[in-house]
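I have placed the structure first, in the form of structure tokens, so that the comments after it can refer back to it.
Read-outs throughout are calculated quantities, based only on the coordinates presented, and are distinct from any laboratory measurement. Please read all numbers here as calculations on a predicted model, not as lab measurements. Cβ sites come from the backbone with ideal geometry, for glycine too, and all protein chains shown count toward neighbours.
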Amino acid sequence: MEGSKDFCGSSLDDNVANQTYASTPSSSTSGCVSGDDTSEGKAVIPASLVTAENYLTISEETLALFSVDDLSRAVDQCKEMVLESPECSEERKWLVRRLIELRLRLQEAREEEKDCSALNHNEVRVVLGHHFVLQSEPSPTSKHRCDRCFGVIWSVVHSWYQCVDCKYSCHVKCLVQVCRVCAHVKASENPTYIADICPELGLSAQAYRCAECKAHITFKNSCIEPRLCDYDGRYYCPMCHWNSTAVIPARVVHNWDFEKRRVCRASKQLLRLMEKRPVLKLQQLNPKLFGFVEELSLVKKIRENILIMKKYFVSCKSAIESRFLWQLQERQHFLENVDSFSLQDLIDVNSGELLQYLEKVQVAFVKHIKEDCKLCYGRGFVCELCDGDEVIFPFDSVAAICQQCFTVFHRNCWTKKNHQCPKCIRIEKRASLRRDSTSSEENLST
């Protein structure tokens, strides 16, 4: 059969026949399939197979350009050609290699098609700051409710959306009705808590409507029960307020009250996202709290010692290699300042977990400085106010620190000397002598 002419004037058969194809090595034990490749691993297509009808099967372009359906047809046709070819012939050898290549390419094409389908399936939908991802995998062990209509989400029956940031869940049909701004957006734009305890204004200030979905609510002759959020002091309808409970930051800071109270869904999600952020400055919000809560005062003292010991570790090669400071990896703000607390920190202080945790960390830090590392131990101090030769450190309980030159003394010696530092006195004398010598030189020059 005469091949059709291409735009260059050459026949399709000639164009195909001039191609050289890379053959896939076969592991078959049959002698008809193995051992006849050239030294470069190439095999020239047999001339008897070069026809326009076989172009889809034998063309090298098939491996890169054709769809899954075309590749499937090419595989079927190649199978028929293998059966029709003479046994142990050059044609059969080439066709078997080609069939292996086609099957491999078909498998790759199907995987690529599956990945593209999954990518489109997991397309992110952005609504009011939410990044919704379609949840199609059934999870019979977990129970979800729609944050928009409060209906049960049957994940085994139908698909649903969930925000990857705040975990807002909703039916597919409820996506267009979402009216709550993502809690992650609020936490990022304004990472602070409401400082007042339940700042209630009343239903009249809300025009007798839900603070979120604007549904009509009232205490008189209404089937929709208004529910107060103890965090923001506003009223919500039952679909926006599920009577969820949470620890209120303002009550903790002002009253050291950790009782969980009812909050709306928006406040619940916001408090969950904010609970580990160190945004509470207790020294500014309520400095008297350290005097009333002994555990909190001890935690603050240990944090001060950790900041002092940090100066030893940042210049110690052994401590850097051992990653001592990584023991506080989950509470990095403890290595930055003394005053910042997260809500979770205060909850752990109240339960006693944080104090136990910091005491263990402090023991490990002190052991390295005083016992394990000679370099850190060499940076200790000897009290100049007494005749003792004991090496003391600024984080010791018996130590006092001069706030001018940061020299360390025994606390008792420091008190007996009326807080007069001998090093500061020497520095002042040297400065006075320099001033006197400078003034005398100026007088002589004049």
Three principal axis lengths of the stretch 192-274 [C-alpha, angstrom, descending]: 38, 21, 20
Label-to-label distance, nm, for residues given as VAL157 and GLN420 (7 Å Cα→Cβ offset): 8.7 nm
Additional length obtainable on full extension of the chain from GLU112 to SER67, 0.36 nm per residue less Cα span: 15.1 nm
Subset of LYS301/LYS360; LYS300/LYS360; LYS186/LYS268; LYS317/LYS370; LYS370/LYS417; LYS310/LYS360 violating a 18 Å alpha-carbon distance limit: LYS370/LYS417
Sparsely packed trypsin sites (Lys or Arg not before Pro) within the stretch 163-252, loop by DSSP, other Cβ within 10 Å at most 15: LYS167, LYS173, LYS214, LYS220
For the stretch 271-334, projected area of the alpha-carbon convex hull averaged over all directions, nm²: 5.6 nm²
Net +/- balance of residues flanking LEU228 in space, Cβ distance below 13 Å, scoring K and R +1, D and E -1: 0
Estimated inter-spin distance, ARG379 and CYS405, nm [label 7 Å along Cα→Cβ]: 2.0 nm
Translational D in µm²/s for the stretch 295-416 (Stokes-Einstein at 4 °C, 1.567 mPa s, Kirkwood Rh from C-alpha pairs): 83 µm²/s
Potential extension, ASP389-GLU295 segment - 0.36 nm per residue separation minus Cα distance: 30.4 nm
log10 of Debye I(q)/I(0), alpha-carbon scatterers only, for the stretch 360-446 at 0.20, 0.22, 0.23 Å⁻¹: -0.94, -1.04, -1.09
Candidates per chymotrypsin sites (Phe, Trp or Tyr not before Pro) in the stretch 265-344, loop by DSSP, up to 13 other Cβ within 10 Å: none
Reciprocal mean inverse distance between Cα atoms of the stretch 119-219 - Kirkwood radius, Å: 15.6 Å
Estimated FRET transfer efficiency (LEU433, SER318; beta-carbon r; R0 45 Å; 0.05): 0.60
³J(HN,Hα), Karplus 6.51/-1.76/1.60, whole Hz, each residue of the stretch 98-112, x for Gly, Pro: 5, 5, 4, 5, 5, 5, 4, 5, 5, 5, 5, 5, 5, 5, 5
Nitroxide proxy distance, nm - points 7 Å out along Cα→Cβ at ALA207 and ASP372: 6.4 nm
